[in-house]
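Below is one structure; the comments refer to it alone.
Derivation of every value follows stated rules applied to the coordinates shown; laboratory data play no part. Since we're looking at a predicted model, the values are computed, not measured. Here Cβ is always computed from backbone atoms with ideal geometry, including for glycine, and neighbour counts include all displayed protein chains.
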Amino acid sequence: MTYSASQKVAIITGASKRIGREITSQLHKRGFNVAIHYHHSKIEAETLATSLNSVRTHSAITVSGNLLNLDIFPQLVEAVIDNWGQLDLLVNNASSFYPTPVEEATINLETTNLETTQQAWDDLMGSNLKAPYFLSLACIPFLKLTQGKIINIVDIYGLQPLIHHSIYSMAKAGLIMMTKALAKELAPDIEVNAVAPGAILWPEDNAELSSEKKQKIIDNTAMKTQGNASDIAQAVTFLACDAQYISGNIIKVDGGRF
Ligand SMILES: NC(=O)c1ccc[n+]([C@@H]2O[C@H](COP(=O)([O-])OP(=O)(O)OC[C@H]3O[C@@H](n4cnc5c(N)ncnc54)[C@H](OP(=O)(O)O)[C@@H]3O)[C@@H](O)[C@H]2O)c1
């Protein structure tokens with residue numbers, strides 16, 4: 001085993017693709033050993049681990065599971081501790097995102113078809129808020145030992161709501177409050193911060209996002225351009241590697257949109 005005690009260790013959820021993948025790659029470049037969490041994207045996660053291990057032996061593992069199932073958290077953290085004996089950073093990045101228009105929810109209520117709305121509530125609240133809280137709980141004993149950090153990937157729409165996305169916006173607002181609450185309660189042992197992306201990558205299933213809507217979002221952004229995954233990863237690595245004496249902060253990376 002090539003583990004060295006000076007090497008820091010991170011778990012990144014939803015790490016196989018898109019923003020999570022870029023966060024993982026940049027943390028790895030800065031010397032972190034990384035546990036790449038995935039749910040469905042096994043091939044992408046394993047490809048990423050293989051590529052990172054080719055740069056530094058035994059520097060990346062994959063861990064899997066549906067984060068709506070809280071029972072998996074202890075074994076997920078144990079897998080990391082078994083490998084490297086320590087944990088320095090948790091990045092809560094995994095998220096589900098889709099619209100839940102209130103009008104549709106009202107119709108569901110009227111037609112006693114509330115199940116669809118309840119499922120969306122459980123999924124959006126579960127992945128964006130409940131899972132980050134309970135995974136943080138599982139990590140805290142180990143993070144205390146290393147004076148570690150928690151970084152939550154939130155959204156500018158946790159600060160102001162996105163129309164037709166009330167449940168998602170409420171979940172991210174909750175995650176912002178969780179960031180501040182845990183920062184207060186875990187100080188001085190663990191720093192807890194959040195990064196709030198603006199328009200970075202359009203959703204993979206973006207059926208309802210027309211090119212006109214995308215252009216309108218860009219026009220409303222002070223920097224008149226979309227960001228990219230690397231902009232988010234840089235903010236995360238700043239908090240993880242460079243920042244001192246920062247806790248309970250929400251860093252907006254949104255091109256000046258808000
Ligand atoms: N994209 C943007 O422009 C943007 C803007 C604002 C905020 N954000 C925030 O930035 C973060 C990353 O954004 P993104 O667009 O890269 O995310 P994404 O592609 O929509 O989702 C990231 C990963 O989350 C995982 N995930 C979702 N539900 C899960 C569950 N129940 N259990 C386990 N894993 C689950 C999925 O893993 P698998 O593929 O393995 O199933 C998915 O690949 C998110 O927190 C998002 O809210 C993004």
Of the residues that sit in region 134-162 and are free of Cβ contacts under 8 Å to residues at least 40 places away in the same chain and near the ligand (Cβ under 10 Å from one of its atoms), which one is nearest to Leu182 (Cα to Cα)? Gly158
Within region 202-221, track down each residue that is surrounded by 11 or more Cβ atoms within 10 Å (Cβ to Cβ) and in contact (Cβ under 8 Å) with a residue 12 or more places away in the chain. Trp202, Pro203, Lys214, Ile217, Ile218, Asn220, Thr221
Among the listed residues Asp88, Asp122, which satisfies the condition of being under 20 Å from the mean Cα position of the chain (by Cα), farther than 21 Å from Lys17 by Cα and within 11 Å of the ligand (Cβ to nearest atom)? Asp122
Tally time: how many residues in region 222-239 are surrounded by fewer than 16 Cβ atoms within 10 Å (Cβ to Cβ) and within 10 Å of the ligand (Cβ to nearest atom)? 1
Subset of region 117-133, residues free of Cβ contacts under 8 Å to residues at least 24 places away in the same chain and surrounded by 13 or more Cβ atoms within 10 Å (Cβ to Cβ), comes to Thr117
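I need the full set of residues from region 139-174 which are in a helix (DSSP H, G or I), over 24 Å from Pro101 (Cβ atoms) and within 16 Å of the chain's Cα centre (by Cα), in order please.
Listed by number, the list holds a single entry, Cys139.
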